[in-house]
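Q: My structure is below; once you've seen it, I'll send some questions.
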Amino acid sequence: MKEELKALVEEATKAIEEKTDLKSLEELRVKYLGKKGKITAFKKNISKLPNEEKPMAGKLINETSREVEKILEKRKEIIKKELLEKKIKEEKIDVTANFDIYETGHFSVINQTMAELEEIFQNMGFDVVEGPEIDTVKNVFDDLNSPKNHPSRSLSDTFYIDEDTLLRPHTSSMQIRVMNEGKLPIKMVSAGRVFRNDEVDATHSPMFHQLECLVVDENASLANLKSTLETFIKEMFGNDMKMRYRPHHFPFTEPSLEVDVTCPSCGGKGCPACSNTGWSMELLGGGMVHPNVLENCGIDSEKYTGFAFGLGVDRIAMVKYGLDDIRLLFDNDKRFIKQF
Ligand code: FA5
């Protein structure tokens, strides 16, 4: 019996070593140690042995079972380790893999236009300044010389947060912020979002973007304002673009003006898009800084003069890219966005 069990252990060991997966290893366990297994069969035969041989035989069979069990466990650990290593190898992330499902985004038309505008003015020696979208009534209206009864102050035109704070309806509040810093001369532009309770149509949005320009110096003149505007229009739209000035009124500039450019749809010939005028929608308002505004910010209006203007970034983008509706800029239609 001893020899038989020894041969069985050798046979089992050989078979176990050959197995490379857990399922066939389990099959081997059943083959040798299961209820009907080869080693278990010896236990069943003990009863047939003479009494004096029974304890010795039982001990031998149990030792054999434990030995085979040990070999099985050892092999099981090895197989598990091998499987894990294989899995790790197979699941290695290939960072160079190219997945077409991921699309790379880009700056929106508005942000591209804003960056282009800032670059043009930076090249002309202007500082680029940033400011908050929520501002005070003092910065937005009072110090900009807006009379208390000005329509833009009304609750129906402007989004108030409380009596003294609001979503800025124009970037002109940046004029006050920069002048209050007390550093002269000033040559700055500041672009960002503005908010108005305007009806949405092809040229109006309740949230749009402006770029404010302010120069304060000892001899800043209307001629300087005109040459700044003309240089900017040529840089932005090319040498062939024509512009016209129209007189206007703003409480914070005197005199005040508005600017249009050649209609981008017909090149100035006249078409339905420009109501046959040959001119675009209004692009910007500007003028010479009102002396009251300078004084409100502690600047001597006898010594210093200034010019300022505020342009609609969205409308500049519309003219630049020939868009006939401002809503295209905010609809997030990928067919539109992808073109830029
Ligand atoms: C102003 O906002 C003045 N603060 C501009 C200014 C600055 C004048 C400095 C003098 C000195 P206005 O309300 O006209 O002005 O707006 C300026 C520009 O913003 C317009 O010419 C237009 O291009 C754009 N704009 C105005 N309302 C809208 C709107 N609802 N949607 C899109 N663009 C608009």
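Q: Using the 4.7 Å Cβ rule, please list in number order the cysteines from the chain without any candidate partner.
A: C213, C297 - these cysteines have no disulfide-compatible partner (Cβ-Cβ under 4.7 Å) in the chain.
Q: Another one. Quick one: grab the alpha carbon gyration tensor of the range 18-147, order the square roots of its eigenvalues as a ≥ b ≥ c, and give me rounded if a/c is under 1.5, else prolate or oblate depending on whether a/b is larger than b/c.
A: Values: a/c = 7.51, a/b = 4.31, b/c = 1.74.
It comes out prolate by the Cα gyration axes.
Q: Based only on Cα atoms, what mean projected area does the convex hull of the range 109-338 have, in nm²? Display every interim value, and only then the final one.
A: Values: hull surface 50.6 nm².
Result: a mean projected hull area of 12.7 nm².
Q: Could I ask something else about it? Work out the FRET efficiency for E91 and F336 from their Cβ-Cβ distance, taking R0 = 30 Å, and round it to the nearest 0.05.
A: Details: r = 40 Å, r/R0 = 1.34.
Rounded to the nearest 0.05, the efficiency is 0.15.
Q: Which net charge results for the neighbourhood of T305, defined as the other residues with beta-carbon distances under 14 angstrom from its beta-carbon, given Lys and Arg at +1 and Asp and Glu at -1? Show your work: numbers first, answer last.
A: Values: positive: K187, K303; negative: D217, E218, E254, E295, D300, E302.
Net local charge, T305 excluded: -4.
Q: Still on this model: Out of residues 5 or more away from H248 or on other chains, whose amide H comes under 5 Å of its own, with H placed 1.01 Å from N in the peptide plane?
A: Here the answer is S256, L257, E258, since their amide H atoms fall under 5 Å of that of H248.
Q: Tally up the carbon and sulfur contribution to the accessible surface of the chain as a whole percent, 1.4 Å probe, everything protein left in place.
A: Values: 10350 of 20210 Å².
It is 51 percent, rounded to a whole number.
Q: Could you give the DSSP H helices of the chain that reach 15 angstrom or more along their long axis (alpha carbon positions) and whose average Kyte-Doolittle hydropathy is no lower than -0.5? Spell out each step's value before the answer.
A: On the way: long enough: 2-18 (25 Å, -0.69); 22-33 (16 Å, -0.17); 54-90 (54 Å, -1.01); 109-123 (21 Å, -0.11); 222-237 (22 Å, 0.29).
Counting only whole DSSP H runs, the qualifying helices are 22-33, 109-123, 222-237.
Q: In addition: Which of G131, G278, G34 ends up with the largest GNM mean-square fluctuation for the chain, with Cα atoms connected below 10 Å?
A: Between G131, G278, G34, it is G34 that shows the largest mean-square fluctuation.
Q: Same structure again: Given a Förster radius of 41 Å and the C-beta distance between D240 and T104 as r, what FRET efficiency does 1/(1 + (r/R0)^6) yield to the nearest 0.05?
A: Values: r = 34 Å, r/R0 = 0.84.
That pair, D240 with T104, gives E of 0.75.
Q: Would you tally the net charge around G268, using a Cβ to Cβ cut-off of less than 12 Å, leaving G268 out, and scoring K and R as +1, D and E as -1? The partial results should precede the final answer.
A: Working: positive: K242, R244, K269; negative: D240, D260.
Around G268, the surrounding residues sum to +1.
Q: Okay, moving on. For the chain, with only Lys/Arg (+1) and Asp/Glu (-1) charged at the beta-carbon, what is the dipole magnitude about the Cα centre, in debye rounded to 20?
A: On the way: 48 positive and 58 negative charges, 649 e Å.
Taking the Cα centre of the chain as origin, the dipole is about 3120 debye.
Q: Here is a follow-up. Within the range 274-340, list the GluC sites (Glu not before Pro) lying in a DSSP loop whose Cβ has at most 10 other Cβ atoms in a 10 Å radius. Walk me through the numbers before you get to the answer.
A: Values: sites: E282, E295, E302; in loops: E282, E302.
Qualifying residues, ordered by number: E302.
Q: Now for a different question. Taking springs between alpha-carbon atoms closer than 10 angstrom, which of S156, S47, S173 fluctuates most in the Gaussian network model of the chain?
A: In this elastic network of the chain, the residue with the biggest mean-square fluctuation among S156, S47, S173 is S47.
Q: Out of the trypsin sites (Lys or Arg not before Pro) in the range 243-310, which ones are loop residues according to DSSP with at most 12 other C-beta atoms within 10 Å?
A: K269, K303
Q: Whose amide H sits under 5 Å from the amide H of A220, counting only residues 5 or more places off or on another chain, with H placed in the peptide plane?
A: T305
Q: I need the trypsin sites (Lys or Arg not before Pro) found in the range 95-177, filtered to DSSP loop residues with at most 10 other beta carbons within 10 Å of theirs.
A: Here the trypsin sites (Lys or Arg not before Pro) that fit, given the DSSP loop and packing criteria, are K148.
Q: Which semi-axes, in whole Å and largest first, does the equivalent ellipsoid of the range 1-91 have when worked out from the alpha carbon gyration tensor as the square roots of 5 times its eigenvalues? Provide the component values of the computation, followed by the final result.
A: On the way: eigenvalues 218, 22, 18 Å².
With the √(5λ) rule applied to the range 1-91, the semi-axes are 33, 11, 9 Å.
Q: Another question about this same structure. Taking amide H positions as placed 1.01 Å from N in the peptide plane, with prolines and chain starts having none, which residues 5 or more places from T262, or on another chain, fall under 5 Å of its amide H?
A: The list, which skips near neighbours in sequence, is K242, S280.
Q: Considering only C-alpha atoms, what is the centroid distance from the range 127-202 to the range 293-310, in Å?
A: 17
Q: State, to one decimal in nm, how far the label point of N51 lies from the label point of E73, with both points 7 Å from Cα in the Cβ direction.
A: Distance between the two pseudo-spin positions: 3.6 nm.
Q: Using helices alone, what [θ] at 222 nm do you get for the chain, with -39,500 (n - 2.57) per DSSP H run of 4 or more residues, divided over all residues and rounded to the nearest 500? Working shown, then result.
A: Values: 11 runs with 136 residues, N = 340.
Taking each H run of at least 4 residues, the total per residue is -12500 deg cm²/dmol.
Q: At 1.4 Å probe size, with every protein chain present, just tell me what the per residue accessible area of the range 1-91 comes to in Å².
A: Values: 6870 Å² over 91 residues.
That works out to 75 Å² per residue.
Q: If packing is taken as the average count of other Cβ atoms within 10 Å, what order do 221-231, 72-82 fall into, highest mean first? Before the final figure, lay out each step's value.
A: Details: 221-231: 15.5, 72-82: 13.8.
In decreasing order of mean packing, 221-231, 72-82 become 221-231, 72-82.
Q: Using R₀ = 45 Å, calculate the FRET efficiency as 1/(1 + (r/R₀)^6) where r is the Cβ-Cβ separation of Y160 and L222; round to 0.05.
A: On the way: r = 35 Å, r/R0 = 0.77.
Between Y160 and L222 the formula returns 0.85.
Q: Mind checking the full-extension length gain between V128 and T40? Use 0.36 nm per residue of separation minus the Cα-Cα distance, one decimal, nm. Could you put the intermediate results ahead of the total?
A: Values: separation 88, 0.36 × 88 = 31.68 nm, distance 8.91 nm.
So the extension gain works out to 22.8 nm.
Q: Counting Lys +1, Arg +1, Asp -1, Glu -1, what net charge surrounds T158 among other residues with beta carbon under 15 Å of its beta carbon? Intermediate results must be reported in sequence, preceding the final value.
A: Working: positive: K138, K148, R153, R168, R193, R196; negative: E133, D135, D142, D157, D162, E163, D164, D198, E199.
Overall, the nearby charge balance is -3.
The values are calculated or read from the model by the stated rules, or taken from the named source; none is laboratory data. Quick caveat, the model's predicted, so the values are computed rather than measured. Reconstructed Cβ throughout: ideal geometry from the backbone, glycine too, with neighbour counts over all protein chains shown. For accessibility, only protein heavy atoms count, side chains too; no ligands or nucleic acids. Shrake-Rupley method; radii C 1.70, N 1.55, O 1.52, S 1.80 Å.
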